[in-house]
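As structure tokens, the structure follows; a few thoughts come after it.
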Amino acid sequence: MNTHEYQAKELFAQSGVATPAGKVASTAAEAGAAAREIGGEGLVVKAQIHAGGRGKGTFTNGFKGGVHVINTAAEAEDIAGKMLGQTLVTHQTGPEGKLVSKVLIAKSVDIKKEYYFAILFDRASSRHALIASTEGGMNIEEVAEKTPEKIIREFVHPTLGLQAYQARKLAYTLGLTGKLANQAVKLFTSLWTLYIQRDCSLVEVNPLAITSDDQVVALDAKFNFDDNALYRQKDVAALRDITEEDPREVAASEYGLSYIGLDGDIACLVNGAGLAMSTMDIIKFHGGEPANFLDVGGGATKEQVTAAFKIILGDPNVKGILVNIFGGIMDCDIIAHGIIAAAQEVSLTIPLVVRLEGNNVEAGKATLANSGLAITSADDLTDAAAKIVAAVKAA
Ligand code: GDP
Ligand code: MN
């Protein structure tokens, strides 16, 4: 799960991570009021979307930049009015962009230097890692590719946790000394505590800024939270903004389905992530393109399969469906009845190939064959992929 910058900064403020004061606004008038409340000159208006690269982004109406430094409440109102209700395209949103429905008005700071700082789970070392760079405010993937020596890492011991010397080492390696190093260490340590307490899988501050009056502050804020821990992070779960998520993925999660939309035309409905991936591979091997990754998990009830069909059919690109279910513990015949009921409920008109394997598979295949529906049975993965690719090409 992700959050907006304004929400991330509220968590920062609660945890003692230095960040400029700000207020969120949903209308231009609210933005003006927020600017007056924060007061003084030097404010920044920032479009709130679940994507970075806003500073260099462009709105589809031609307005440039999702981050603007301004001086008066009137300007705040004007700029907010140009952002709200508009679509912002950045290198992270894809060409379709994202609708801006909120802006953050924050105290602007005078930046002396920008750094990059993040904490994330590093799969290669199976450890949490603190990542920092003197190349702040830039696209970090690009820095990693072109100048990998400019990225520094500190890996955290799983039981000892972050050690004070590690935070100091990171600050010194960034070239910070004295009071600035102390501030940076405090910020790294506070962020580490926040990261662990809230079950984060990423917290990224880009840029972490040194101001002209020598303060270390987090200017941008991005979180990823571990979805599997949301049950015990109720106040984090409350920050979820489903309007930022793919509506198909939201619908899928309500039925315990894992769904990821892709660009092809053959929808896959599979139980188990490994089987889902091999199904996508074999579709490609036979010259087809998968339209999605859809895993019904351990079960495959009629309700789940019906929900899955509805989500799949919501994608206008889908020209055929391949169901690939391995009935390990589950009875294939029960699954077959579920597939038939689901196909009837959604009045399926596109080709459907079903490959069942496992417990009571013969009865399951007979049930499909006797259904009177245009369901093609397949014997194995290769047969299934060849049949659905052929059916879609013929359609
Ligand atoms: P992103 O482009 O979506 O990553 O948004 P950021 O919050 O990182 O803002 C982009 C850039 O705008 C930063 O790298 C800064 O250079 C600049 N910026 C952001 N906040 C401020 C601010 O308070 N004052 C000034 N002067 N510049 C800012
Ligand atoms: Mn940023």
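The values are calculated or read from the model by the stated rules, or taken from the named source; none is laboratory data. Please read all numbers here as calculations on a predicted model, not as lab measurements. Counting neighbours? That spans all protein chains shown, and the Cβs are built from the backbone with ideal geometry, glycine included. Ligands, DNA and RNA are excluded from the accessible area calculation, which covers all protein heavy atoms including side chains. Shrake-Rupley method; radii C 1.70, N 1.55, O 1.52, S 1.80 Å.
Work from the charge dipole of the chain (Cβ charges, +1 for Lys and Arg, -1 for Asp and Glu, about the Cα centre) and give the residue of I339, S258, S371 farthest towards its positive end.
Working it through, the farthest residue towards the positive pole turns out to be S258.
Hey, if we sort T211, T19, T189 by accessible area with the 1.4 Å probe, largest down, what's the order? Intermediate results must be reported in sequence, preceding the final value.
Working: T211 5, T19 35, T189 60 Å².
The residues order as T189, T19, T211, largest area first.
I'd like the accessible area for C200: 1.4 Å probe, protein heavy atoms, all chains in place, Å² to the nearest 10.
10 Å²
For K46, give me every one of the lysines with a C-alpha distance below 24 angstrom, ignoring sequence neighbours fewer than eight places off in its own chain.
Counting by Cα, and skipping residues close in sequence, K46 has these lysines nearby: K9, K23, K56, K64, K82, K98, K102, K107, K112, K113, K222.
Sort I321, I38 from largest to smallest accessible area, using a 1.4 Å probe on the heavy atoms of the protein chains.
So, going from the largest accessible area down, we get I38, I321.
Relative contact order, percent, of the chain when contacts are C-alpha pairs under 8 Å separated by at least 6 residues?
RCO, the chain: 12 percent.
Only residues of the stretch 179-204 count here: report those whose backbone N is under 14 Å from the spot 7 Å along Cα→Cβ of A144, or say none.
202-204
Can you pull the accessible area of D235 for me, 1.4 Å probe, Å² to the nearest 10?
90 Å²
What spacing in nm lies between the two simple spin-label points modelled at I260 and A124, each 7 Å away from Cα in the Cβ direction?
Output for this residue pair reads 2.0 nm.
At a 1.4 Å probe radius, which order do M138, M330 fall into by accessible area, largest first?
M138, M330
Say R0 is 25 Å: what FRET efficiency, to the nearest 0.05, do A394 and E249 get from their beta-carbon distance? Intermediate results must be reported in sequence, preceding the final value.
Numbers: r = 31 Å, r/R0 = 1.23.
Rounded to the nearest 0.05, the efficiency is 0.25.
With Cβ to Cβ distances under 10 Å as the rule, what net charge do the other residues near Y6 carry (K, R +1; D, E -1)?
Counting the neighbours of Y6, the net charge comes to +2.
How far apart, in nanometres, would the label points at L313 and T173 be if each is projected 7 angstrom from Cα along the Cα-to-Cβ direction?
Between L313 and T173, the simple spin-label model gives 5.5 nm.
For the Cα atoms of the chain, what angle does the longest principal axis make with the long axis of helix 164-173, in degrees from 0 to 90, nearest 10?
70 degrees
Where the only charges are on Cβ atoms (+1 Lys, Arg; -1 Asp, Glu), what is the dipole of the chain about its Cα centre, to the nearest 20 debye?
It works out to roughly 960 debye.
Out of every Cα pair in the chain, what percent are spaced more than 27 Å from each other?
Roughly 59 percent, rounded to a whole number.
Taking the chain as the reference, fit the longest principal axis to its C-alpha atoms, fit the long axis of helix 332-345 to the helix C-alpha atoms, and give the angle between the two in degrees, 0 to 90, nearest 10.
80 degrees
Could you check the simple spin-label distance between T382 and T211, using points 7 Å along Cα→Cβ, in nm with one decimal?
Here the modelled spin labels are 6.8 nm apart.
At a probe radius of 1.4 Å, what is the per-residue accessible area of K146, in Å² to the nearest 10?
So the heavy atoms of K146 present about 150 Å² to solvent.
Mind jotting down the distance between the C-alpha centroids of the stretch 33-98 and the stretch 336-353, whole Å?
46 Å
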